[in-house]
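Structure first, commentary second.
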Amino acid sequence: MKYYAVIDTNVLVSALLKWNSVPGKIIELVFSGTITPILNDVILNEYKEVLSRSKFHLTEDIVDEITDSLDKAALYVDAEPIDIDLPDPKDRVFYEIVMEARNQEEAWLVTGNMKHFPRELFIVTPREMLDIIMNDYHDE
């Protein structure tokens with residue numbers, strides 16, 4: 001099966017800081033092609049900006065390699081603005097992109113900050129996304 005997911009920046013950061021983790025497994029599934037990341041330029045630029053922060057100790061080469069790999073694997077989606085009040089206005093783009101993608105495909109928003117988004121069945125934690133995938137493979 002193919003899965004489409006908007007990956008919140010916090011999941012990507014968590015994965016890179018601790019690869020042997022549930023967020024790491026999600027990004028591993030992105031790189032293996034099981035999950036197709038859904039992006040737009042705003043999200044990709046946020047990934048680059050956040051991963052480049054000195055506190056994460058990631059070299060420019062690592063940041064470029066990760067973001068280039070995501071860019072190549074991604075389904076790019078442009079979305080219309082949605083009038084929704086979120087705790088962090090910078091999260092709006094992630095919600096807008098997943099809502100637009102859901103018009104074409106079953107798509108998920110994978111985040112470690114559930115409280116930043118409305119309660120929707122398609123907004124899941126990394127663990128929930130992993131469980132969805134594992135259950136689907138188990139059912140085959």
> Under a GNM of the chain (C-alpha, springs under 10 Å), which listed residue has the highest mean-square fluctuation: Thr59, Thr111, Thr36?
Replying inline: Thr59
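Hand me the GluC sites (Glu not before Pro) from the stretch 40-90 located in a DSSP loop with no more than 11 other Cβ atoms within 10 Å, in residue order please.
Answer by residue number: there is no such site.
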>> With a 1.4 Å probe and all protein chains left in place, how much of the accessible area of the stretch 1-135 comes from carbon and sulfur atoms, in whole percent?
In response: 49
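List the chymotrypsin sites (Phe, Trp or Tyr not before Pro) within the stretch 12-57 that DSSP assigns to loop and that have no more than 15 neighbouring Cβ atoms inside 10 Å.
Trp19
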> Counting Lys and Arg as +1 and Asp and Glu as -1, each charge on the Cβ, what is the dipole of the chain about the Cα centre in debye, to the nearest 20?
Replying inline: 540
>> Counting heavy atoms of the protein chains only and a 1.4 Å probe, report the per residue accessible area for the chain as a whole number of Å².
In response: 56
>> Output needed: percent of Cα pairs per 5 Å distance bin for the stretch 25-65, bins running from 0 to the one holding the longest distance.
In response: 5, 21, 20, 26, 22, 4, 0
> With each run of n ≥ 4 DSSP H residues scored as -39500 (n - 2.57), what mean residue ellipticity at 222 nm is computed for the chain after dividing by its residue count and rounding to the nearest 500 deg cm²/dmol?
Replying inline: -15000 deg cm²/dmol
> Normalised by the residues of the chain, what does the relative contact order come to in percent, with Cα pairs under 8 Å and at least six apart?
Replying inline: 31
>> Could you tell me which residue out of Phe56, Val98, Thr125 lies farthest along the dipole of the chain toward its positive end? Charges go on the beta carbon: Lys and Arg +1, Asp and Glu -1, centred on the Cα centre.
In response: Phe56
> Taking a quarter of the surface of the convex hull around the Cα atoms of the chain, what do you get in nm²?
Replying inline: 8.4
> Considering only DSSP states other than H, G, I, E and B, which trypsin sites (Lys or Arg not before Pro) in the stretch 47-94 qualify as loop sites with at most 15 other Cβ atoms within 10 Å?
Replying inline: Arg53
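The values are calculated or read from the model by the stated rules, or taken from the named source; none is laboratory data. All of these numbers come straight from a predicted model, not from anything done at the bench. All Cβ positions, even for glycine, are placed from backbone atoms using ideal geometry, and neighbour counts span all protein chains on display. In case anyone asks, the SASA skips ligands and DNA or RNA and just uses the protein heavy atoms, side chains included. Shrake-Rupley method; radii C 1.70, N 1.55, O 1.52, S 1.80 Å.
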